[in-house]
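Notes to accompany the following structure.
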Amino acid sequence: MTANPSGPAQKREEYSNGQFLLRDWESRYADKIRTAERAVATIRRGDKVFIGSGAAEPQILVKSLIESAGRLADTRIMHIMTLGVAPYTEEKFTDQFRHNAFFIGANTRQAVAEGRADYTPVFLSEIPALFRSGQAPVDVALIQVSVPDKHGFCSYGVSTDVVKSAAESATRVIAEVNPQMPRALGDCFINIEDIDLAVPVDVPLLYSVRERADEVAQRIGKNIASLIPDGSTMQMGIGTIPDSVLHYLGDKKDLGVHTEMFSDGFMELAQKGIINNSKKSIHEGKTIASFCMGSRQLYDYVDNNPGIEFHPTEYTNDPFIIAQNDRMMAINSAIEVDLSGQVCADSLGTMFYSGIGGQVDFVRGSARSKGGKPIIAMPSTAKDETISRISVHLKEGAGVVTTRGDVHYIVTEWGVAYLHGKNIRERAMALINVAHPKFRNGLLEEAKRLNYIYKDQMLAPEDVRYPEELETIMTSKDGSELLVRPVKPVDEEMLSDMFYDLSDQTIINRFFSMLKSMPHRKLQQFCCIDYSSEMSLVAIAGASPKQKIVGLGSYHLNPATQRAEIAFLVADAWQGKGIGTFLMKMLVKIAKSKNIKGLTAEVLRDNVAMIALMHKSGVPAKSTSAGGSYIFTMDF
């Protein structure tokens, strides 16, 4: 294809007297063709100029705009993030150009920080309304499109997002027409009649290079992937964390996409058949996006691909549209989160760093989706582990993008914190538990000072690592799948719920007396352990956030004998389903790995089920009588 309407690749609808006849639109299109210099010459002093987004930035037009700076003054330039250079933000052009960023990119960040450019915080879904209402008027839209098809329609290609609304609201549209721009499908076309001036170009699109994910990003990706069930519809952006999430989705089935940005990672899962959009509630069989940014292979993949539809931002980011996707998984990033759950995502203190973007759109949309999960992901630290991203309070000047009322999941490399519907004490404990261990005690003490948590609240020692490798899935005798994992400090509430649901006899069997209460000061001793001389495993039924503990198996090492005393507790409704046996065998395996000499247990004489369990460990059990109990010893 070529941008020249009389070129050989352009078909003609009529043939008469040995001559091809131009369609009506082709002759009108020919009258619109200009060089970049002549097209930009129509921009006047004081005009408000929109520049196309991301990889679709019209580079030739931007270059010509800068070259004509001498005759311009007070020209207002607006756009969301672009991949190209932004010379109009340089100090020498202060009198000629003033940039307003709806989302700050690397190419404009310094100018905004130094006051030479502006930043408008706004939800991405609401930017088009600013154009259409005239609140953010567009005199000239500089965009880049594909060559026209036989009907005279050009595709916005890799960026429909806010470009479509800007072009439709602009007084004048100047378009680079590029044969290297893919012809994306969907609600992403502009008729040649609506382009005022066309500038034929033939240049490669801008690309973004994928960075290699480090260990932290990989651990975050693995944690997030564990939250995503088969049949989910996903939204995520670009970077090492989204790439890591996608890497760990290789065993999932029937995933779908409704997102702002379509990336190389999405493409790779689609090529493997993992993304097929077959379970989507709306747009079944279709990937829905508003732009793509990545490799040349990605741009080739979206070209004329009927499986992908590009729509404008006011559609893709509409929370009411997003919510119609069942199991909507929205994955976004943060700069900082405070202990109450406030999320800062657009600034470093008083320095504006990026923008609100679509985070709130997708957080609110996915929260209202049936089975949806709004997920905020971030490394637990910054600046070589010298700063905790989980803080007692946000830095001075930091903006709240996602409010404490909107937040659901916070994920770091240390785990998952679920906050929605939780009180401040529960939130603080959940966030401290996924902070970097070196900062946990400091956060704990500050939380105590602020009366966020119990004054006597304990934590595991700072140098203790949660043994995530011990997490596993067991299938009970009735076919239920249970998560079995080491206990965490945040499990206190679930353990309390379990205790108060126990029958009197179960309590007596476990504690050798009829306990009437299990207060915080006692309960936390079950949750705050060192995972070495002490180990507790919990069996958890249900999915977050409706999980409950139905089984507990623990050991405590006696240094004098080098044997560990074991104890078990299974909820009445779950007894006889193999939970105790599973926990026993896991504890035996763990104890052996810690070079513990053996296990001991005291069991009441009439506790038949527990006596039977002592013989299911795979280790010979010896017993002696002691009053109303048996003392069991199992040496390895």
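Bear in mind these aren't lab numbers, they're just calculated from the coordinates by the rules spelled out. Computed from a predicted structure; not experimentally measured. In this analysis, Cβ positions are derived from the backbone assuming ideal geometry, glycine residues included, and neighbour counts consider all displayed protein chains.
Based on DSSP, what percent of beta bridges with both residues in the chain are antiparallel, to the nearest 5? Write down the numbers at each step before the final one.
Numbers: 54 of 106 bridges.
Here the share of antiparallel DSSP bridges comes out near 50 percent.
Under 16 Å from the Cα of Lys280, which aspartates and glutamates turn up, not counting those fewer than eight places away in the same chain?
Correct list for Lys280: Asp230, Asp254, Glu309, Asp326.
Between Leu124, Ile80, Gly157, whose Cα lies farthest towards the positive end of the dipole of segment 14-200 when Lys and Arg beta carbons carry +1 and Asp and Glu beta carbons carry -1, centred on the Cα centre?
Towards the positive end, the residue furthest out is Ile80.
Subtracting the Cα-Cα distance from 0.36 nm times the residue separation, let me have the gained length for Glu471 to Ala626 in nm, one decimal.
Details: separation 155, 0.36 × 155 = 55.80 nm, distance 3.60 nm.
Value of the extension gain: 52.2 nm.
How long is the gain from Asp74 to Asp95 if the chain were fully straight, where each residue apart is worth 0.36 nm and the alpha carbon distance is subtracted?
7.0 nm
Compute the signed sum of charges (Lys and Arg +1, Asp and Glu -1) over the other residues within less than 10 Å, Cβ to Cβ, of Gly265. Could the numbers behind the result be given before it?
On the way: positive: Arg210; negative: Asp243, Asp264, Glu268.
Surrounding charge for Gly265 is -2.
Return the subset of Lys548/Lys622; Lys252/Lys373; Lys577/Lys616; Lys477/Lys597; Lys522/Lys585; Lys546/Lys616 for which the Cα-Cα distance in this structure is over 23 Å, preserving the input order.
Values: Lys548/Lys622 34 Å; Lys252/Lys373 17 Å; Lys577/Lys616 14 Å; Lys477/Lys597 31 Å; Lys522/Lys585 26 Å; Lys546/Lys616 31 Å.
Flagged as over cut-off: Lys548/Lys622; Lys477/Lys597; Lys522/Lys585; Lys546/Lys616.
Can you give the FRET efficiency for Lys370 and Glu126, using 1/(1 + (r/R0)^6), R0 = 25 Å, r = Cβ-Cβ distance, to the nearest 0.05?
Details: r = 25 Å, r/R0 = 1.00.
Plugging the Cβ-Cβ distance into 1/(1 + (r/R0)^6) gives 0.50.
Give me the extension gain from Ala573 to Thr171: residue separation times 0.36 nm, minus the current Cα-Cα distance, reported in nm with one decimal.
Numbers: separation 402, 0.36 × 402 = 144.72 nm, distance 6.98 nm.
Gain on stretching Ala573 to Thr171: 137.7 nm.
Give me the percent relative contact order of segment 215-449, please, defined on Cα pairs under 8 angstrom at least 6 residues apart. Mind showing how you got there, number by number?
Working: 528 pairs, mean separation 42.5, N = 235.
RCO, segment 215-449: 18 percent.
Please report Val400, Val360, Val49 as a ranked list, fewest other C-beta atoms within 10 angstrom at the top and most at the bottom. Intermediate results must be reported in sequence, preceding the final value.
Numbers: Val400 16, Val360 23, Val49 26.
Least to most surrounded, the residues fall as Val400, Val360, Val49.
Please work out the C-alpha center-to-center distance from segment 426-467 to segment 207-259 and express it in whole Å.
What the calculation gives is 28 Å, centre to centre.
Run the dipole for segment 522-636 about the Cα centre, Lys and Arg Cβ at +1, Asp and Glu Cβ at -1, nothing else charged, and hand back the magnitude in debye, nearest 20. Write out the running numbers ahead of the final one.
Numbers: 13 positive and 7 negative charges, 61 e Å.
My answer is approximately 300 debye.
Report the FRET efficiency, 1/(1 + (r/R0)^6), for Lys272 and Thr403, where r is their Cβ-Cβ distance and R0 is 45 Å, rounded to 0.05.
Values: r = 37 Å, r/R0 = 0.83.
The computed FRET efficiency comes out at 0.75.
Could you list the GluC sites (Glu not before Pro) in segment 188-282 that lie in coil according to DSSP, counting only those with at most 11 other Cβ atoms within 10 Å of their Cβ?
Working: sites: Glu193, Glu211, Glu215, Glu260, Glu268; in loops: Glu211, Glu260.
Passing sites in segment 188-282 are Glu211.
Filter the trypsin sites (Lys or Arg not before Pro) in segment 375-422 down to the DSSP loop ones having no more than 11 other Cβ atoms within 10 Å, then list what survives.
Details: sites: Lys383, Arg389, Lys395, Arg404, Lys422; in loops: Lys383, Arg389, Lys395, Arg404, Lys422.
Passing sites in segment 375-422 are Lys383.
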